[in-house]
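Notes follow the structure.
The values are calculated or read from the model by the stated rules, or taken from the named source; none is laboratory data. All of these numbers come straight from a predicted model, not from anything done at the bench. Every residue, glycine as well, gets a Cβ built from its backbone with ideal geometry; the counts of neighbours run over all protein chains shown. Calculation scope for accessible area: heavy atoms of the full protein, side chains included, ligands and nucleic acids excluded. Shrake-Rupley method; radii C 1.70, N 1.55, O 1.52, S 1.80 Å.
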Amino acid sequence: MKFTAEQIAEAIGGKIEGDPEVIIDKLSKIEEGTPGSISFLGNPKYTHYIYTTKASVVIVPTAFMPGNPVSTTLLRVDDPYSAFSKILAFYQAQKPRRNGISQKASVSPDATIGENVYIGDFAVIEANVTIGDNAMIYPNSTVETGANIGQNTIIYSGVQIKEDSMVGNHCIIHSGVVIGADGFGFAPQSDKHYEKVAQIGNVIIEDYVEIGANTTIDKATMGSTIIRKGVKLDNLIQIGHNVVIGENTVIAAQTGVSGSTKIGKNCMIAGQVGIVGHITIGDNAVIAAQSGVGNSVPDNAIIFGSPAIDANKHKKVLIHMRNLDKHVKRIDILEEKLKNL
Amino acid sequence: MKFTAEQIAEAIGGKIEGDPEVIIDKLSKIEEGTPGSISFLGNPKYTHYIYTTKASVVIVPTAFMPGNPVSTTLLRVDDPYSAFSKILAFYQAQKPRRNGISQKASVSPDATIGENVYIGDFAVIEANVTIGDNAMIYPNSTVETGANIGQNTIIYSGVQIKEDSMVGNHCIIHSGVVIGADGFGFAPQSDKHYEKVAQIGNVIIEDYVEIGANTTIDKATMGSTIIRKGVKLDNLIQIGHNVVIGENTVIAAQTGVSGSTKIGKNCMIAGQVGIVGHITIGDNAVIAAQSGVGNSVPDNAIIFGSPAIDANKHKKVLIHMRNLDKHVKRIDILEEKLKNL
Amino acid sequence: MKFTAEQIAEAIGGKIEGDPEVIIDKLSKIEEGTPGSISFLGNPKYTHYIYTTKASVVIVPTAFMPGNPVSTTLLRVDDPYSAFSKILAFYQAQKPRRNGISQKASVSPDATIGENVYIGDFAVIEANVTIGDNAMIYPNSTVETGANIGQNTIIYSGVQIKEDSMVGNHCIIHSGVVIGADGFGFAPQSDKHYEKVAQIGNVIIEDYVEIGANTTIDKATMGSTIIRKGVKLDNLIQIGHNVVIGENTVIAAQTGVSGSTKIGKNCMIAGQVGIVGHITIGDNAVIAAQSGVGNSVPDNAIIFGSPAIDANKHKKVLIHMRNLDKHVKRIDILEEKLKNL
């Protein structure tokens, strides 16, 4: 596939500055640009590369003002990351689509399989499962009895979808994900051993959800653990039983959410955060990396630390902490002076 | 299945307060109760729901004194959580049991398979494996040569049991668990590369152990990594080589235990805790979430923080930290006053 | 296999002190030594066991000076851990090697399979995959189209190698690892939903790399996520898209590295560390457990804390923190005294 800068500008909407006829046949990062490639300037940190990049075209923000001469062709758009992302998607869409049901899969005659579905080798589709149109189930994955996989959803290889789990449309479930394992519920007994609390609920994943590799989402003790529309979970995340995560909330890798906690919509939760059970995180909340959240927080809260508090307050605490040596010396001096008075 | 409140009271032991004839045919959480359902009041946080719940019966503690009128039937028991847990178990036991050995499994003729065993599609049972009576091996799991799976043990789908691992009776191993991968042992060489230290030990898991999804338990360098009777591990936990975890200890998600550490019995270890190698955690120890444990702790210790110290001391430190701004201002004022003396 | 102490001394190089004719037929830890076994003294913590061990031979450092009478035969070498490690490797090498391609595997006719390769039951080798000589692919693993597995590399069971991933020679990939899942890239839209950024890059793993169970390494958005020669990753680690990890760097369990970060060579990164995206960690850096690294660090840095600072500075801060109660009381007293002046 070869395109001129001008053809790309027409496709994504944008203004060329430089040679509209330059030919593009690949994509590159700005710092690794080669002739014939198109790149983009998203993070201002990388601005200096624009003066040296070998990329033939670089997508830049409409308002970008070069501080030095630029030899590459610029393509000005409102949001370079989104624009470049469209080109990436177009590029990826050229790849041939997997199709058909492998003879080496195990598909129950009591499963309902939609049109145009891919089911890979050694995938297991048990009884009473529904697979929506255009869904793809990669090799070595298991979809247990009663589960539902929506239309256009991709289940990558080595995924375990436990009984009665509901996965919506247009979802992407990455390799190694476990959906619907038992919640961690045990009743302590007087002799110190624990009796298992049976977990009879399920997991509901709404549409347009993406779940990263090796993440685990436990089923509810009763009722449902719910991941709402548009949620994006990174790798190695733990979601406990009966948790609810609101629409368009994103959570970075290795974060854990304990049982029965409700997280609002449009939250941004960084990596390695721990959130205790039975609390509520308001809408639009932002939680910094490695925070430990022990109490409910209201809408729009921005929190940080372990235990997490208002992020600005925590940043002040951190500055004081780093200066503790100095402050302790100040106390030493005060004591000395007072003694000498 | 339909039961009257009275029948349930007789089955689990308890006293009815209200209509003994009300019919129950499902289970619910107290905040989501619907007519015909039975619920329970475990966490005092949820007490207010008892005045509005639509559940027909709510199991409450014997001593529960409602502060407002209650319209639902109460069933008083000593331990509502345990009582409800019995009902959940009864409910779950109604589900049909998986049975038989799939034609699509790969079962070595040199494996010993007990009575009444389930082996799912594409499960691999290698030579010299023993599978106990009533055990269940779900699809796409691998049990490697020399491993032992005890009676009544469940190995869910996508589990990897490496060579010579011993899993006891009545265990539950959730999807994605890896038992018996190599410990992380390398000998640094003078040219800065590392030589692998061969790992020739195994993992021993005793009876009544439950292991959460995607948790990893490494085999010993020599000898055995041992998980004792009744231990409950949550999801995404890392257990290093040669670790020993004592009876009835519970560990929450995403905690990591480094090599050769010994953990006592009846410990409660919260989520995202890190424990260094070669130390001893005493019996009945309690470790708060996100703690970092760098030294051995005695029996009955309650610790918190990173590095973890006595939990009460750490809580005081946290209060002072949150007030550091105030304390630094106090130093400022003291300096100012002293200057003006 | 039986050997005399003398034969072992000749094989690994070392000096016998005691009975050169004592027969060895097994390996043991020093604290669990039994007659007929050989053990070693690596960690000085374990020195006291040398006076009571039942092991017939113990490998000790050349300079070891017993403080009490020793009844076992000593074998003095420069580096006992490396020497013992050689014996372990020799012991393990006696195990029969897996061989041949299972009839129950799915191997594409368009894959290129080297000499002397093992492919286990229900392993999937897709089209355009190359498997090098002597490589081993255990059961229930998937190697997707376009991927490359080098010579003498072991892919354990339940591993997912996504499209176009390149794994070098002499690598060991443990069970449950996911290589080449999509990076976590989304473009926020004005209505608060996120558009997926297509991930068209891959993962390159160089030679002699070992990757622990259930670790995830995301592919690059464009270009490659690169794990350089000799890197050792423990279990449950997250490596984000476009990360580069330098030669012979070791990372302990449950650490996460965010997208586009470059880590130098010969680094030692402990467990549960979090490293933000788009930064650079210099060569030979050491990062203590549970640290949170928010900024680039130079070569040879030793850092600790969250946020991580110079390790010695952080240790001082920790001492002051533990004494905060005392320091606040000192301020109380100063205020009191000043009031009474």
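Being of a type in the set (K, R), part of a loop (DSSP other than H, G, I, E, B) and more than 13 Å from B:T53 (Cβ to Cβ) is the filter here; which residues of the stretch B:1-37 pass it?
B:K2
Out of the stretch A:204-225, which residues are away from chain B (no Cβ under 12 Å) and either surrounded by fewer than 22 Cβ atoms within 10 Å (Cβ to Cβ) or assigned to a strand (DSSP E or B) (or both)?
Selection gives A:I204, A:I205, A:E206, A:D207, A:E210, A:I211, A:T225.
Out of curiosity, is C:N169 away from every other protein chain (no Cβ under 13 Å), of a type outside the set (F, W, Y) and on the phi > 0 side of the Ramachandran plot?
Here the answer is no, as C:N169 does not meet what is asked.
For the structure I just gave you, tell me whether A:Q92 is out of contact with any Cys (no Cβ under 6 Å at 6 or more places or on another chain) and part of a loop (DSSP other than H, G, I, E, B).
Details: out of contact with any Cys (no Cβ under 6 Å at 6 or more places or on another chain): yes; part of a loop (DSSP other than H, G, I, E, B): no.
So A:Q92 does not fit the description; no.
Looking for something open to solvent by 20 Å² or more (accessible area, probe 1.4 Å) and within 11 Å of chain A (Cβ to nearest Cβ) - is there at least one such residue anywhere in the stretch B:289-297?
yes
Checking C:G67 against (1) open to solvent by less than 20 Å² (accessible area, probe 1.4 Å); (2) out of contact with any Pro (no Cβ under 9 Å at 6 or more places or on another chain); (3) part of a loop (DSSP other than H, G, I, E, B): exactly one of these is not met. Which one?
(1)
Quick one: in the stretch C:8-30, which of the residues that are within 33 Å of the chain's Cα centre (by Cα) and exposed (fewer than 14 other Cβ atoms within 10 Å of the Cβ) is nearest to C:D79 (Cα to Cα)?
Among those residues, the one meeting the criterion is C:G13.
With respect to B:I269, determine if the residue is more than 9 Å from chain C (Cβ to nearest Cβ) and over 30 Å from A:I161 (Cβ atoms).
The answer is no for B:I269.
Looking at the stretch B:32-53, which of its residues are open to solvent by 70 Å² or more (accessible area, probe 1.4 Å), within 25 Å of B:Q94 (Cβ to Cβ) and within 14 Å of another protein chain (Cβ to nearest Cβ)?
Across the stretch B:32-53, the qualifying residue is only B:E32.
With A:G132, A:G146 as the choices, which residue is over 30 Å from A:L27 (Cα atoms), away from chain C (no Cβ under 13 Å), touching a residue at least 12 places away in the same chain (Cβ under 8 Å) and crowded, with 20+ Cβ neighbours inside 10 Å?
Exactly one residue qualifies, and that residue is A:G132.
Mind listing just one residue for me: the one in the stretch C:74-123 that is more than 13 Å from chain B (Cβ to nearest Cβ) and at positive phi and, of those, farthest from the chain's Cα centre (by Cα)?
Filtering the stretch C:74-123 for residues more than 13 Å from chain B (Cβ to nearest Cβ) gives C:74-76, C:99-101, C:107-117.
Imposing the further condition that a residue be at positive phi reduces the set to C:100, C:116.
Details: C:G100: 29, C:N116: 27 Å.
By that ranking, first place goes to C:G100.
Inspect the stretch C:302-325 for any residue being more than 14 Å from chain A (Cβ to nearest Cβ) and open to solvent by 10 Å² or more (accessible area, probe 1.4 Å) and give the result as yes or no.
yes
Scan the stretch C:95-129 for residues that are open to solvent by 20 Å² or more (accessible area, probe 1.4 Å) and outside any loop (DSSP other than H, G, I, E, B) and jot them down.
Once the filter is applied, which keeps residues that are open to solvent by 20 Å² or more (accessible area, probe 1.4 Å) and outside any loop (DSSP other than H, G, I, E, B), the stretch C:95-129 yields C:G100, C:I101, C:V107, C:T112, C:I113, C:Y118.
Looking at C:D283, C:D332, which one is more than 23 Å from B:F304 (Cβ to Cβ), free of Cβ contacts under 8 Å to residues at least 60 places away in the same chain and assigned to a loop (DSSP other than H, G, I, E, B)?
C:D283
C:G277 passes all but one of (1) buried (at least 19 other Cβ atoms within 10 Å of the Cβ); (2) touching a residue at least 24 places away in the same chain (Cβ under 8 Å); (3) facing chain A (nearest Cβ under 10 Å); which number fails?
Against the list (1) buried (at least 19 other Cβ atoms within 10 Å of the Cβ); (2) touching a residue at least 24 places away in the same chain (Cβ under 8 Å); (3) facing chain A (nearest Cβ under 10 Å), C:G277 comes up short only on (1).
What about A:N140, is it among the polar types (S, T, N, Q), more than 30 Å from B:I251 (Cβ to Cβ) and either free of Cβ contacts under 8 Å to residues at least 24 places away in the same chain or within 13 Å of chain C (Cβ to nearest Cβ) (or both)? Explain how you work it out, then say what you get.
Details: among the polar types (S, T, N, Q): yes; more than 30 Å from B:I251 (Cβ to Cβ): no; either free of Cβ contacts under 8 Å to residues at least 24 places away in the same chain or within 13 Å of chain C (Cβ to nearest Cβ) (or both): yes.
The answer is no for A:N140.
Just checking, how many residues over the stretch A:258-267 are buried (at least 22 other Cβ atoms within 10 Å of the Cβ) and closer than 11 Å to A:K232 by Cα?
Residues meeting the conditions: 1.
Filter the stretch C:241-257 down to the residues that are open to solvent by 10 Å² or more (accessible area, probe 1.4 Å) and not small (G, A, S), then identify the one that is nearest to C:D182 (Cα to Cα).
Among those residues, the one meeting the criterion is C:H241.
Is it the case that B:G230 is under 16 Å from the mean Cα position of the chain (by Cα) and open to solvent by less than 10 Å² (accessible area, probe 1.4 Å)?
Working: under 16 Å from the mean Cα position of the chain (by Cα): yes; open to solvent by less than 10 Å² (accessible area, probe 1.4 Å): yes.
Against the criterion (under 16 Å from the mean Cα position of the chain (by Cα) and open to solvent by less than 10 Å² (accessible area, probe 1.4 Å)), B:G230 qualifies.
Any chance you could count how many residues in the stretch B:150-193 are modelled with pLDDT of 95 or more and not in a loop (DSSP other than H, G, I, E, B)?
Matching residues across the stretch B:150-193 total 12.
Which pairs have Cβ atoms under 6 Å, sit 6 or more apart or on different chains, and link a residue in the stretch A:235-246 that is within 11 Å of chain B (Cβ to nearest Cβ) to one that is assigned to a loop (DSSP other than H, G, I, E, B) and among the aromatic types (F, W, Y)?
Partner pairs satisfying both residue conditions: none exist.
Return the pair list, or none, for Cβ contacts closer than 8 Å from residues in the stretch A:150-166 that are closer than 20 Å to A:G230 by Cβ to residues that are basic (K, R), at least 6 apart or on different chains.
What qualifies is A:Y156/C:K162; A:S165/A:K219.
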